[in-house]
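Peer 1: Dropping a structure here in structure tokens format, bear with me for questions.
FYI, it's all coordinate maths here, none of it is from the lab. The structure displayed is predicted, hence computed values, not measured ones. Neighbour counts run over all protein chains shown; Cβ positions are idealised from the backbone, glycine included.
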Amino acid sequence: MAARHKRKTGRGWKIALVSFVVLGLLGGGTAYAAYRYDRSAADRILPGVTLAGVDVGGMNRDEAIRVVEEHADLRLTDAIEVQAAGVTWTVTPAALGMSADVGAAVDRALGLADEMPFLSRLYHRVMDKPVEREYPLEFANDQTAVRAFVEQAYDEVAVPPVDAEFSLVEGELVIRRSEAGSELKVELAAQRILRALQRQVDRIEIPVKEVTPAVTTASLGQTIVVDVSDNTLQLYEGLKVVKEYRVATGTASFPTPVGTFEIIDKKENPTWYNPDPDGWGADLPASIGPGPGNPLGTRAMYLNAPGIRIHGTWTSSSIGTAASHGCIRMHISDSEELYPLVEMGARVIVKP
């Protein structure tokens, strides 16, 4: 009986050993099969992964890129209205330099599998159990492209300011009021477009600013206009005539010079100095002091044209005619009225 018991014990041990070996072989085969399956699915995104709202679970990299790019294109090609100063441009985010790195986003979705434990990853793949993971799609803006668009828009809507003008052009008096211009606020416009792209709005209003002329109507100051053909003198404040007088101007032999000058000196009760003692003034004294008979009257304003003045005259009968040696003569009372009104540096335009 002892021998028989010994034989039974030996058989039981052998059966257990065989069973253990068989189970080990079976377990090793299953693990290997699981490993092979996991490797074969390594190029597929885990189920339940979405990218920018698009379900890319089970897709390989190329498939996911194609699907997500189609989704991204909807945003990149959506029309946007940009408005400024009454002008409207229709552009797309792509035209403004916006782009999406779809490949990088898909790679992040693929990389989720490597972040998970083997058994968990295998479970989700074999059981097709969603991992419920969402990845955003990042859009990038190109500030250079936005700036280029703003500069183009700037050129299209810019209105240059118009300077006020009071001048003599080819013998004609040109009088023009100033006009403000307008232009885009470049930096603010670029910032507003970039913010609008991020917020996915379909309409953008670009601000404009007023551009002040270099010479405004208010800054024109005083202008004296002497019309030789009419023998008149007008005093302008800006573009408004505030005084007008009849005057005498130069004769044909001694014409009043035509052009643009300025008042460089003013004198009350001036002394007259003979400007041509060897010519037309040969019979006149070297100088005549203030008082009746003084050729300059009681007030004289000197132009930066040699020898030319605006002054009073005791010879009232000459007013309204071509009678002087180039100066502009006025009635004594008129010269005394005008004198305090005129500022040093005032513009004087003598037109033919």
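Peer 1: Å³ per residue of the Cα convex hull, for the range 221-351?
Peer 2: Roughly 96 Å³ of hull volume per residue.
Peer 1: If you don't mind, there's one more thing I want to ask. Residue by residue, what Karplus-based ³J(HN,Hα) values in Hz, rounded to whole numbers, does the range 107-121 have, using 6.51, -1.76 and 1.60 with θ = phi - 60° and x for Gly and Pro?
Peer 2: 4, 5, 5, 5, x, 4, 4, 5, 7, 9, x, 4, 5, 5, 4
Peer 1: Have a look at Leu303, Leu284, Leu51 and tell me which one the Gaussian network model of the chain (Cα, springs below 10 Å) gives the largest fluctuation.
Peer 2: Looking only at Leu303, Leu284, Leu51, the largest GNM fluctuation is found for Leu284.
Peer 1: Considering only the range 221-351, what is the antiparallel percent among its DSSP beta bridges, to the nearest 5?
Peer 2: 70 percent
Peer 1: Relative contact order of the range 221-351, please, whole-number percent, based on alpha carbon pairs below 8 angstrom and at least 6 residues apart.
Peer 2: 34 percent
Peer 1: Counting only other residues whose beta carbon sits under 12 Å from that of Met98, what net charge do I get with K and R as +1, D and E as -1?
Peer 2: Here the count lands on -4.
Peer 1: Between Glu179 and Glu337, what FRET efficiency comes out of the Förster formula 1/(1 + (r/R0)^6) with R0 = 35 Å and r the beta carbon distance, rounded to 0.05?
Peer 2: 0.55
Peer 1: Same structure again: Where does the charge balance sit around Ile80 when Lys and Arg score +1, Asp and Glu -1, over other residues with C-beta under 9 Å from its C-beta?
Peer 2: -2
Peer 1: Let me ask something additional. Treating only the Cβ of Lys, Arg, Asp and Glu as charged (+1, +1, -1, -1), what charge dipole size does the chain show about its Cα centre? Round to the nearest 20 debye. Working shown, then result.
Peer 2: Working: 36 positive and 46 negative charges, 783 e Å.
With Lys and Arg at +1 and Asp and Glu at -1, about 3760 debye.
Peer 1: I would also like to ask the following. Give me the net charge for the shell around Arg347: Cβ to Cβ below 13 angstrom, other residues only, Lys and Arg +1, Asp and Glu -1.
Peer 2: Every neighbour counted, the sum reads -3.
Peer 1: Using Rg and Dmax of the Cα atoms in Å as the read-out, say which of (1) 26.7, 94; (2) 48.6, 179; (3) 20.4, 66 was calculated from these coordinates.
Peer 2: Computing Rg and Dmax of the Cα atoms in Å and matching it to (1) 26.7, 94; (2) 48.6, 179; (3) 20.4, 66 gives (2).
Peer 1: On a 0 to 90 degree scale, rounded to 10, what angle separates helix 61-76 from the longest Cα axis of the chain?
Peer 2: Roughly 30 degrees, rounded to the nearest 10.
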